[in-house]
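Here the structure is laid out as structure tokens; the discussion comes afterwards.
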Amino acid sequence: MFAFNASFLPQDERGKAKLKVYIETYGCWLNKADSQAVASILKREGHEIANDLREADVVVINTCAVRAETERKIARRLEELEEWRRRRDDRRIVVIGCLAKARPAFVASASPSASILGPNAIHLIPKALHERVVDVGPDRRSVFELPAYDGSSKRLVLPVAVGCLGSCSYCIMPISRGRLSSCQSQEILKTFADAASKGAKEIYLVAQDLASYGLDIGTNLLELLRALLKHEGDYMIRLGMMEPSTLSTIARELLDFYFDARVYKYMHLPLQSGSDRILHLMNRKYTSTSFIELVSFFRSRVDLFLATDVIVGFPTETEEDFEQTCKVLEKIAPDKVHVARYALRPFTKAASMPQLSDYVKKERSRVLDELVKELTLKRNLRYVGKEVEVLLTDAAPKEGLLGRMPDYRPVVVKCDSDMLWKKVMVIIEEARPHVLLGRMV
């Protein structure tokens, strides 16, 4: 097959070459949203998104910098892609995302030929398809590119803000994502309205801290939600992760939105530790008691699906600190917990603190995983034998379809693939720690 070589074109024509671009994404929903935005930019420029690396002229790697093991995985992948690039002179690699901003030299060592764009510089992606560009971008996002809804999926992921107001001692995100930058509400409303009118079934509002949306531009999350929910449509909104300290300032007003049938009864609220001593060292702006009270405030009024995050083995964490974390989890009874072993990140305050051994971190992680299975299974067992409404959203790992209850609780349903994106009534037959299993009524 003839391989079109854009480098043979004159400079004024080279920018017009239409290329096939393969996008590979690591990390959080915000990264996934940025990848969708990149795809929208490229399509607008006339390029084609490739479904397979073997078809591609250019590969875009959207990176994550949260964990060391993810960094190593990305480095290995970049070295593989350098081999892929060498097989054809006109192939290019573009590295974007958090690792590109936080550790550009690390990226360049793994892929010397790659263009490197920080998460606040993704608008430069068209230029990087044709020449090497290195721009880690500013600390705040001045150009917001929202993904366009094209109907290829019934789900739209909207990155309404990037960056945060915090400075957690373990987190590299203030370096990679910068300070809070909120997208103007009129741009969000325009994209949201277009998606709703074209039949979107799920719209995710994502940010590092959704509760802080708008605080840098004279508005807030409450005003945004009021405006969004004025739009008619058969859609479900899923609210993204919110920091406890910022959520507490709008908790009473936000509660009302959870009674709207178009909002998933879902909350992602990171605990990180149940020890006040560790929370202080982490520079988290709440106590274990205030966290419990915040969860209780919502749970006593609406049956929320609570997702949370916990770091085990933070520097100087004692057995007593760890036991306090276990006790808090038992009190709040979460529905989903992401347990992460503390990993040293460069340029963070926690990196200079006394570190725990890998053995201790591994053992505490094992204990916590067992506790989480027990707690989440108990929550799910409440639904066995009940009839529930489920929106079928994805193919299940083995057979049937994966769907979501009104609280975003995952359910695998025995049904044909043509039922995708339909709402069905389901009898729950089995409960597992992370999922329910059922059949259509």
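The values are calculated or read from the model by the stated rules, or taken from the named source; none is laboratory data. Quick caveat: nothing in here was measured; it's all calculated off a predicted structure. With ideal geometry, Cβ positions are generated from the backbone for all residues, glycine too; neighbour counts draw on all protein chains shown.
Examine region 385-395 for a residue that is in contact (Cβ under 8 Å) with a residue 12 or more places away in the chain, under 16 Å from ASP335 (Cβ atoms) and assigned to a loop (DSSP other than H, G, I, E, B), and state whether such a residue exists. Yes, region 385-395 contains at least one residue that is in contact (Cβ under 8 Å) with a residue 12 or more places away in the chain, under 16 Å from ASP335 (Cβ atoms) and assigned to a loop (DSSP other than H, G, I, E, B).
Here GLU232, GLU320 are screened, and the one residue that is exposed (fewer than 14 other Cβ atoms within 10 Å of the Cβ), out of contact with any strand residue (DSSP E or B) (no Cβ under 7 Å at 6 or more places or on another chain) and closer than 26 Å to SER197 by Cβ is GLU232. Is it true that some residue in region 192-207 is out of contact with any Leu (no Cβ under 9 Å at 6 or more places or on another chain), of a type outside the set (A, V, I, L, M), outside any helix (DSSP H, G or I) and in contact (Cβ under 8 Å) with a residue 12 or more places away in the chain? Yes, that holds for at least one residue. Looking only at residues in region 317-357 that are among the aromatic types (Phe, Trp, Tyr) and at pLDDT 95 or above, the one that is nearest to LEU381 (Cα to Cα) is PHE322. Cβ-Cβ distances below 6 Å connect the following pairs, each with a first residue in region 168-185 that is under 26 Å from HIS280 (Cα atoms), a second residue that is among the polar types (S, T, N, Q) and buried (at least 23 other Cβ atoms within 10 Å of the Cβ), and a separation of six or more residues or different chains: LEU180/SER212.
Checked against the criterion of being at pLDDT 95 or above, small (Gly, Ala, Ser), closer than 22 Å to LEU420 by Cα and in contact with an Asp or Glu (Cβ under 9 Å, 6 or more places away or on another chain), the candidates GLY400, GLY385 yield just one match: GLY400. Please verify whether region 190-210 includes one or more residues that are in contact with an Asp or Glu (Cβ under 8 Å, 6 or more places away or on another chain), buried (at least 20 other Cβ atoms within 10 Å of the Cβ), within 19 Å of GLN272 (Cα to Cα) and modelled with pLDDT of 95 or more. Within region 190-210 (the criterion being in contact with an Asp or Glu (Cβ under 8 Å, 6 or more places away or on another chain), buried (at least 20 other Cβ atoms within 10 Å of the Cβ), within 19 Å of GLN272 (Cα to Cα) and modelled with pLDDT of 95 or more), the answer is yes, since at least one residue qualifies.
LYS20 satisfies every condition listed in (1) at pLDDT 95 or above; (2) exposed (fewer than 14 other Cβ atoms within 10 Å of the Cβ) except (2).
When residues in region 89-124 are screened for being more than 12 Å from ILE61 (Cβ to Cβ), of a type outside the set (Phe, Trp, Tyr) and either under 24 Å from the mean Cα position of the chain (by Cα) or part of a strand (DSSP E or B) (or both), 11 of them pass. Residues that are among the aliphatic types (A, V, I, L, M), over 30 Å from ARG341 (Cα atoms), at pLDDT 90 or above and surrounded by 17 or more Cβ atoms within 10 Å (Cβ to Cβ) do occur in region 40-48, at least one of them. Report whether or not ILE116 is over 30 Å from LEU189 (Cα atoms), touching a Phe, Trp or Tyr at 6+ places or on another chain (Cβ under 7 Å), surrounded by 23 or more Cβ atoms within 10 Å (Cβ to Cβ) and in contact (Cβ under 8 Å) with a residue 12 or more places away in the chain. No, not satisfied. Tell me, yes or no, whether region 235-243 has at least one residue that is of a type outside the set (Asp, Glu), closer than 30 Å to ILE93 by Cβ, crowded, with 23+ Cβ neighbours inside 10 Å and not assigned by TED's automatic domain parsing to the domain that holds GLU71. Yes, because at least one residue in region 235-243 is of a type outside the set (Asp, Glu), closer than 30 Å to ILE93 by Cβ, crowded, with 23+ Cβ neighbours inside 10 Å and not assigned by TED's automatic domain parsing to the domain that holds GLU71. Residues that are buried (at least 20 other Cβ atoms within 10 Å of the Cβ) and farther than 17 Å from ARG379 by Cβ within region 394-439 comprise GLY400, LEU401, GLY403, VAL413, CYS415, VAL426, listed in sequence order. Does LYS373 satisfy the criteria of being in a helix (DSSP H, G or I) and either modelled with pLDDT under 95 or surrounded by fewer than 18 Cβ atoms within 10 Å (Cβ to Cβ) (or both)? In short, yes.
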